[in-house]
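Colleague: Just passing along the structure, written as structure tokens.
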Amino acid sequence: MNTQEAHLRVLCLTMNPSVDLATETERVVPTHKLRCGDTLHDAGGGGINVARVLTRLGGECTSLCPTGGSAGHWLETRMREEGIPSVFLPIADETRVSFTVHEHSTGAEFRFVMPGPHLSEGEWQACLSHLEQLPEFPDLLVASGSLPPGAPVDFYARLARLCRERGARLVLDTSGPALAAALAEGVYLFKPNLRELAELSGETLETPEQWLGAARQLIQRGMTEVVALTLGHLGALLVTRDASWRAAPLDIPVASAVGAGDSFVGGMVAALQQCQPLQEAFALGVAAGSATLLSIGTGLCSPEDVQRLLPQVQIQPGD
């Protein structure tokens, strides 16, 4: 993707950011001390990962998240080092730390994800108030990741209503009751994986026809305009009311799946920011998500790998 002047204002919201650690050990076993290799540290959480990828691909955005304690201070410093314009809203509790361990002997990856700090009503309300008071509301608002303890289940639903009132498009990547509540309000685009889509539909989705049918049902019910379904080793599917596209998986070695879904969203938003067609945004999303698979731990994708893989992405009609 060529770096161009940004056309749309983008804000990436992360309600439950984290300091992500990644390390490796020969074998994960109980009881014994596990001697680990060097530790990688990154700013993490869904929206932050989206912002990191979007920025690497030449886009521009503002990151918004609540932070607290020493981990929160580290995260703030890291985001500044990465050159991402950010707003940090203070909270009393400590920002969470999550970690990933790569097992050398098997190549398996163990991911330990913490619940996050407890937000008071005033703290989560401050996030909504900040958005409500923005002099220039974003054209695209990306909300990605879990909600921390204390945040209400309808937090993203409130966000969806705010976006509708301000004429913005909400891109949502979350799961569970918070996702269902937001979809009841309607969003522009949401990115489920197959498990999340099956939970929403209440059915076992085993065939491409069933994937497409479940996505179309959500669109017809007014819950979303676009479904960007990631399928892991089966590729990805993009569905709108009038069209659908399927992307085959790329034949690449998988070092780590950490952040692949976030990178997919970051690639799509980078293209949407420049007003590129959905089909092209889908291709860039697939390339970014695939490039992240090449990176061990929480490093996400490199722009060079994205550019190298993009010509290999084959988009076919999904019907």
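The values are calculated or read from the model by the stated rules, or taken from the named source; none is laboratory data. Predicted model only: the values in this text are computed from it and were never measured. Cβ placement follows ideal geometry from the backbone for every residue including glycine, while neighbour counts extend to all protein chains displayed. Just so you know, the surface numbers come from the protein's heavy atoms only, side chains and all, with ligands and any DNA or RNA stripped out. Shrake-Rupley method; radii C 1.70, N 1.55, O 1.52, S 1.80 Å.
Colleague: Hey, rough spin-label estimate for Ile252 and Glu132, points 7 angstrom out along Cα→Cβ, what's it come to in nanometres?
Modeller: Output for this residue pair reads 4.2 nm.
Colleague: Trypsin sites (Lys or Arg not before Pro), restricted to the stretch 220-264: which are DSSP loop and have at most 11 other Cβ atoms within 10 Å? Write out the running numbers ahead of the final one.
Modeller: Values: sites: Arg221, Arg241, Arg246; in loops: Arg221, Arg241.
Passing both the DSSP loop test and the Cβ count: Arg221, Arg241.
Colleague: Let me ask another. Could you compute how much accessible surface Trp211 exposes when probed at 1.4 Å, giving the result in Å² to the nearest 10?
Modeller: 10 Å²
Colleague: For Thr204 and Val29, calculate 0.36 nm times their separation in residues minus their Cα-Cα distance, and state this gained length in nm to one decimal.
Modeller: This chain segment gains 59.6 nm when fully extended.
Colleague: Still on this structure: So what is the calculated 222 nm ellipticity per residue for the chain, using -39500 (n - 2.57) for each DSSP H run with n of 4 or more, over all residues, to the nearest 500 deg cm²/dmol?
Modeller: Values: 10 runs with 115 residues, N = 319.
The helix-only estimate for the chain comes to -11000 deg cm²/dmol at 222 nm.
Colleague: Restricting to DSSP loop positions (anything but H, G, I, E, B) with no more than 11 other Cβ atoms inside 10 Å of their own Cβ, which GluC sites (Glu not before Pro) remain in the stretch 180-212?
Modeller: Glu206
Colleague: What order do you get for 94-102, 45-53 when each peptide is scored by the mean count of other beta carbon atoms within 10 Å, highest first?
Modeller: 45-53, 94-102
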